[in-house]
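Written below as structure tokens is the structure these notes are about.
The values are calculated or read from the model by the stated rules, or taken from the named source; none is laboratory data. The model shown is predicted, which means the values in this text are computed figures rather than measured ones. Using ideal geometry, Cβ is built from the backbone for each residue, glycine included, and neighbour counts are taken over all protein chains shown.
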Amino acid sequence: MKTELDPIDNFLQKHQLEAVLYFLPFSLVAITVFGWWMGGYWTFSTPIFVYLVINIMDHVVPKLSRISSPLEKGQAKTGGAVNLYPLAIWLWPLAQVAFILWCLWVSSDASLSIIEILGVVLSVGVMAGAVGITFAHELIHRKKRWERIAGEILLLSVTYHHWSVEHVQGHHRNVGTPKDPATARLGESFFAFLPRSIFGGIRSAFTIEAAKAQRRKHLPYGPRNRVVSGLILQLLLYILVLSTLGWKAAVALLFISFIAILQLEAVNYFEHYGLSRRQVSPDRFERVSELHSWDDCSRVSAYFLANLQRHSDHHLRPGERYNNLSLLEGAPQLPAGYATMLLLALIPPLWFYVMDPRVKELNQLPS
């Protein structure tokens, strides 16, 4: 069964333009540097662009007119004679590490005002969360070891390395069940979900790695435990920043990480909100299907988020590269793009008003 394309996608692929559009995240680097150069409130240009401009574009630019079907086995989009699709993903870790270092240097610059430092740090945090963790998500699912390491470096740079273990080996196995801390329950606010997802994810990652170490006859919480080694590396990173650039830079790194993690967990919140797998026996749940993830048909944010919105297909084919993912027929659809949904999640009464009736309709629950 071949993927059905609407006229816009057909044009983009025919002229080999689609792959180029996935380099749009690098425009955020230019916007951040421009804001820093202009100074003052211009330093807030990046979060304004991400959560206002992209938001508006998602509503103005036509969405996919059809729900597409998965590519046949063996098919793949290449982006022309040179396969550009993976290049954007591969280049981002270098850009993010360099840019965070630049931000830490800027934050220790005495000539900048508090507002300007806050604007630059917030901008880098938005980039590291909206794009960096999204690209890390793509990389930690890859089969090649160097790609997975690149994904882990991105997560180390925002103090969230354990997620490389929990997401791949925990969330994907337990999604839609009470065992998964990253599946938001119906009626659960984002602010109740946030600590449960963060600390539950850390605990799950420790458990996964400890069990693996024991099977290999290693110390369960020794250096071979990737969560332990990740925590050590993150601690060393903060010590290095503190000793070379000072306490302002260390606080800036902490703030960048906070903003990035907040965005990741907000996305976790609405990607599976209220969707659950049916329990078929005391220890078993039904298989994951397209019914257990929320999809989104917005075009513009898809180019910035590497098709993360094609989430139901990702859970059915977690190792598939982002450019080959499709929007599956029958998957629940979010009422708006990711930028809108993230802002909506921060206002629980409005969130419940918009989302709970949709969940109850899907689950055939009384309103």
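If Thr177 satisfies all but one of (1) in a helix (DSSP H, G or I); (2) in contact with a Lys or Arg (Cβ under 7 Å, 6 or more places away or on another chain), what's the number of the condition it fails?
(1)
Gly200: surrounded by 15 or more Cβ atoms within 10 Å (Cβ to Cβ) and within 30 Å of Pro282 (Cβ to Cβ), yes or no?
For Gly200, the condition - surrounded by 15 or more Cβ atoms within 10 Å (Cβ to Cβ) and within 30 Å of Pro282 (Cβ to Cβ) - is met.
So which of Ser111, Ser68, Ser157, Ser123 is more than 30 Å from Ser326 (Cβ to Cβ), of a type outside the set (Asp, Glu) and at pLDDT below 90?
Result of the check over Ser111, Ser68, Ser157, Ser123: Ser111.
When you scan region 214-222, do you find a residue that is out of contact with any Leu (no Cβ under 9 Å at 6 or more places or on another chain), part of a helix (DSSP H, G or I) and either closer than 30 Å to Asp356 by Cβ or of a type in the set (D, E, K, R) (or both), even just one?
yes
What number of residues within region 36-46 satisfy the criterion of being closer than 12 Å to Ile117 by Cβ and buried (at least 18 other Cβ atoms within 10 Å of the Cβ)?
3
Restricting to region 186-195, and then to whatever is surrounded by 16 or more Cβ atoms within 10 Å (Cβ to Cβ) and not hydroxyl-bearing (Ser, Thr, Tyr), can you tell me which residue is nearest to Leu342 (Cα to Cα)?
The extreme case among them is Phe190.
Restricting attention to region 217-231, and to residues there that are among the small types (Gly, Ala, Ser) and closer than 17 Å to Ile153 by Cα, which single residue is surrounded by the fewest Cβ atoms within 10 Å (Cβ to Cβ)?
The extreme case among them is Ser229.
All but one of (1) at pLDDT below 95; (2) crowded, with 19+ Cβ neighbours inside 10 Å hold for Thr134; state the number of the condition that does not hold.
(1)
So which pairs qualify, if the first residue must be in region 124-144 and closer than 15 Å to Gln309 by Cβ, the second must be part of a helix (DSSP H, G or I) and not aliphatic (A, V, I, L, M), the Cβ gap must be under 6 Å, and the two must be at least 6 apart or on different chains?
Qualifying pairs under 6 Å: Ala130/Gln263; Val131/Pro25; Phe135/Trp92; Glu138/Tyr322.
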